[in-house]
Amino acid sequence: MKIINVVGARPNFMKIAPLMEAYKAYPEIAPVLVHTGQHYDDKMSDMFFRELGIAKPDVNLGVGSASHAVQTADIMKAFEQVCIRYKPDIVLVVGDVNSTLACSIVAKQLHIYAIHYEAGIRSFDHTMPEEINRLVTDSIADCFMVTEQSAIDNLKKEGHEEEKIHFVGNLMIDTLMANKDKAAQRQTYKGYNLHKDEYALLTMHRPSNVDNPAILEKLVGAFEQIASWMPIIYPVHPRAEKNLRHFNLWHHFSRMKNIILTGPSGYHDMLNLQMNCRFIMTDSGGMQEESSVLKKPCITLRSATERPVTVNKGSSVLAGNDTDKLLEYVDMIKNGNYKTPEEIPLWDGKAAQRIVEKIRLMLNPNAIRIHPKSS
Ligand code: UD1
């Protein structure tokens, strides 16, 4: 059975790594790894392949950055040729980036069985490009691998049949568990002269936070206030840096006392910073999940989350870009009034194993015969 696995952007690499590893125990499955090239800088892509031990992709489409429509179209054009050449039985896409959307459409137009890992989660915020990508991908996928109960509920409400939905756990957490020891050995936070539990970690790159100069300026002001209590380290995403410079905020921000701005961080360095900080402020979906398992307070800089389990059971709270709320939550952490997180079902490091077991059952050609309704 030939299965094409698609990656494109930074958060995809942590999801595919344990899966590529798990396939190795099943010689009857022939995985092909396709990188769309949506992310291409060493620090946004190759570094993750090296650190997570992912083999070089079999194909790199090399599409690079562009507007949503151009990037999606470029991926579709190139991926169609790959599918024609490799003739896969299955295409597996992960997450919610433009590569996920583009490749699922191509697969389905060529009548190839499509699996979506991380299916069903919904922020219900249609201004997020990721929500559009999730909705379109799930409307055409044949099989849904899900990370939490809310995804099952959403998919059922949208009319998907229960037997196509598989609760498998969280691949991002498989990667976290497999790499915790390596990350602990790093000197990352010490290298910045920070002390354990005495700094905050910030990541922020979403359009809702960094595309509007007034919002971004207000957030920068709030971070300056927080830094008067506790140092903040911020590994800056290229998109955020571009906007901070464009809105003339970079100069002021980078010279603030107790604020350290660095370039994008590799996986082990970022995990080291997460494991040793006092709390996290982020708009990243992956970090909401990781902080919940690490049991670190996580103030999420988004007004809605497609990962409600990180709020209901995990360590995340939603502040959006409301700086009053953000400062309120920081005060709760300061005063020891923050909530205590619970364990999250199936986020146990065994998701890849469960997914590959499900795929193995599809070796029966009837199992992946495409139903006329979805072809
Ligand atoms: C993409 C995903 C987002 C995810 C994020 C993680 C979509 C719609 N968005 O957003 O869900 O949270 O990745 O990083 O797919 N750039 C570089 N080097 C790179 C890649 C990008 O400098 O290797 C710069 C370019 O200026 C580019 C900008 O970052 O225009 C944005 O990149 P893009 O891939 O379009 O979206 P992200 O904001 O990274």
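The values are calculated or read from the model by the stated rules, or taken from the named source; none is laboratory data. Only a predicted model underlies this, so the values are computations on that prediction, with no experimental measurement involved. Note that we place each Cβ from the backbone using ideal geometry, even for glycine, and neighbour counts take in every protein chain shown. Heavy atoms of the whole protein, side chains included, go into the accessibility calculation; ligands, DNA and RNA do not. Shrake-Rupley method; radii C 1.70, N 1.55, O 1.52, S 1.80 Å.
Restricting attention to segment 90-103, does a residue exist that is among the charged types (D, E, K, R) and within 19 Å of Lys2 (Cα to Cα)? No, segment 90-103 has no match at all. Within segment 272-297, being in contact with a Lys or Arg (Cβ under 8 Å, 6 or more places away or on another chain) and assigned to a helix (DSSP H, G or I) holds for Asn272, Gln274, Met275, Asn276, Gly285, Gln288, Glu289, Ser292. The residues listed here are Asn248, Asn272; of these, the one that is more than 17 Å from the chain's Cα centre (by Cα) and crowded, with 21+ Cβ neighbours inside 10 Å is Asn272.
Condition check ((1) β-branched (Val, Ile, Thr); (2) more than 16 Å from the ligand (Cβ to nearest atom); (3) open to solvent by less than 10 Å² (accessible area, probe 1.4 Å)) across all residues:
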{"position": "Ile105", "(1), (2), (3)": "yes, no, no"}
{"position": "Lys108", "(1), (2), (3)": "no, yes, no"}
{"position": "Ile152", "(1), (2), (3)": "yes, yes, no"}
{"position": "Gly159", "(1), (2), (3)": "no, yes, no"}
{"position": "Ala183", "(1), (2), (3)": "no, yes, yes"}
{"position": "Tyr189", "(1), (2), (3)": "no, yes, no"}
{"position": "His195", "(1), (2), (3)": "no, yes, no"}
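Scanning segment 111-127 for residues being in contact with a strand residue (DSSP E or B) (Cβ under 9 Å, 6 or more places away or on another chain) and either modelled with pLDDT under 95 or not acidic (Asp, Glu) (or both) gives a total of 9.
Residues checked against (1) open to solvent by less than 10 Å² (accessible area, probe 1.4 Å); (2) touching a residue at least 24 places away in the same chain (Cβ under 8 Å):
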position: Pro11; (1), (2): no, yes
position: Tyr23; (1), (2): yes, yes
position: His35; (1), (2): yes, yes
position: Phe48; (1), (2): yes, yes
position: Phe79; (1), (2): yes, yes
position: Arg85; (1), (2): no, no
position: Val94; (1), (2): yes, yes
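Among the residues of segment 304-320, the ones that are more than 16 Å from the ligand (Cβ to nearest atom) and in a loop (DSSP other than H, G, I, E, B) come to 6 in all. When Val59 is tested against (1) more than 25 Å from Pro129 (Cα to Cα); (2) open to solvent by 30 Å² or more (accessible area, probe 1.4 Å), just one condition goes unmet, and that condition is (2). Of all residues in segment 197-223, exactly one satisfies the criterion of being touching a Pro at 6+ places or on another chain (Cβ under 9 Å) and open to solvent by 60 Å² or more (accessible area, probe 1.4 Å), namely Glu198. Among the residues of segment 95-114, those that are over 17 Å from the mean Cα position of the chain (by Cα) and β-branched (Val, Ile, Thr) comprise Ile105, Val106, Ile112. Entry remark, segment 38-95: residues being out of contact with any Gly (no Cβ under 7 Å at 6 or more places or on another chain), closer than 27 Å to Ala352 by Cβ and among the basic types (Lys, Arg) number 4 in total. Inspect all residues belonging to segment 120-143 and state whether any of them is assigned to a helix (DSSP H, G or I), over 30 Å from Arg302 (Cα atoms) and basic (Lys, Arg). No: segment 120-143 contains no residue that is assigned to a helix (DSSP H, G or I), over 30 Å from Arg302 (Cα atoms) and basic (Lys, Arg).
Taking the condition of being among the hydrophobic types (A, V, I, L, M, F, W, C) and under 20 Å from Ala183 (Cβ atoms), how many residues in segment 285-319 meet it?
If we filter segment 285-319 for residues that are among the hydrophobic types (A, V, I, L, M, F, W, C), which is where we start, we get 287, 293-294, 298-299, 301, 304, 309, 311, 317-319.
Applying the additional criterion that residues be under 20 Å from Ala183 (Cβ atoms) yields 287, 293-294, 298.
Number of matching residues: 4.
Residue-level analysis places Pro297 outside the set of residues that are over 24 Å from Glu148 (Cα atoms), touching a residue at least 24 places away in the same chain (Cβ under 8 Å) and open to solvent by 10 Å² or more (accessible area, probe 1.4 Å). Residues in segment 170-181 that are out of contact with any His (no Cβ under 9 Å at 6 or more places or on another chain), surrounded by 13 or more Cβ atoms within 10 Å (Cβ to Cβ) and not in a loop (DSSP other than H, G, I, E, B): Leu171, Met172, Ile173, Asp174, Thr175, Leu176, Met177, Ala178, Lys180.
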